[in-house]
Amino acid sequence: MSAVLDAAQAALAAEHAAVYGYGVVGGLVGGSRRSEARQAYDAHRARRDVLGRTVRDLGGVPVTAAAGYQLPFPVADAAAALRLAAYLEERVAGAYGDVVRSAIGDIRRDAAGAMREAAVRAVRWRGGSVAFPGLAERS
């Protein structure tokens, strides 16, 4: 497989995990945060669908979602759900960063936009920023 296809598949897998994770987040947060979780859920579903088409256009078979995902830490209350949302966004931003590094043209542009969107959502969930969004988990 090409580096671009590998990176797109990894980003697609991250989007599948984010869609799953936002189901958990949305069930534990209330008020305006629930609306924000719903918007993020919808955004990740849309990005997932775009990536599926991208993978097919690159000659691959899109990776499918797992039946379930193990959460990175226990998520039993709203505070943990907020941490999970930030974690999901950081992972998605990192996956799109790999696409940006390996792609050119429209794929790179779209990945850069998706990375930016995920980084902004991570800041909102976390309540603060990191120097290089999407790379924090790699250090």
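The values are calculated or read from the model by the stated rules, or taken from the named source; none is laboratory data. Note that this is a predicted model, so its numbers are computed, not measured. When we count neighbours, we look across all protein chains shown, and the Cβ atoms used for this are built from the backbone with ideal geometry, even at glycine. Calculation scope for accessible area: heavy atoms of the full protein, side chains included, ligands and nucleic acids excluded. Shrake-Rupley method; radii C 1.70, N 1.55, O 1.52, S 1.80 Å.
Per the Debye formula with a single identical scatterer at each Cα and no solvent contribution, what log10 I(q)/I(0) holds for region 1-85 at q = 0.11, 0.15, 0.26 Å⁻¹?
Ignoring solvent entirely, the Cα scatterers give -0.34, -0.58, -1.17.
Given Cβ point charges of +1 (Lys, Arg) and -1 (Asp, Glu) and nothing else, what value in debye, to the nearest 20, does the dipole of region 22-70 about its Cα centre take?
60 debye
Normalised by the residues of the chain, what does the relative contact order come to in percent, with Cα pairs under 8 Å and at least six apart?
Answer for the chain is 29 percent.
I need the Debye-formula profile for region 20-139: one equal scatterer per C-alpha, no solvent, reported as log10 I(q)/I(0) at q = 0.23 1/Å, two decimals.
Scattering profile of region 20-139, log10 relative to I(0): -1.42.
Just the accessible area for V61, please: 1.4 Å probe, Å², rounded to the nearest 10?
For V61, the solvent-accessible surface is approximately 120 Å².
Would you calculate the separation in nanometres between label points at Q39 and V123, each defined as 7 Å from the Cα along the Cα-to-beta-carbon direction?
Spacing of the two 7 Å Cα→Cβ label points: 1.4 nm.
In Å², what does the accessible area per residue of region 9-139 work out to with a 1.4 Å probe?
The answer is 53 Å² per residue.
Among 31-39, 45-53, 110-118, how do they line up from the highest to the lowest mean number of other beta-carbon atoms within 10 Å?
110-118, 45-53, 31-39
Would you tally the net charge around D77, using a Cβ to Cβ cut-off of less than 15 Å, leaving D77 out, and scoring K and R as +1, D and E as -1?
+3
Based on DSSP H assignment, which helices of the chain show an axial Cα extent of at least 15 Å together with a mean Kyte-Doolittle hydropathy greater than or equal to 0.5?
3-28
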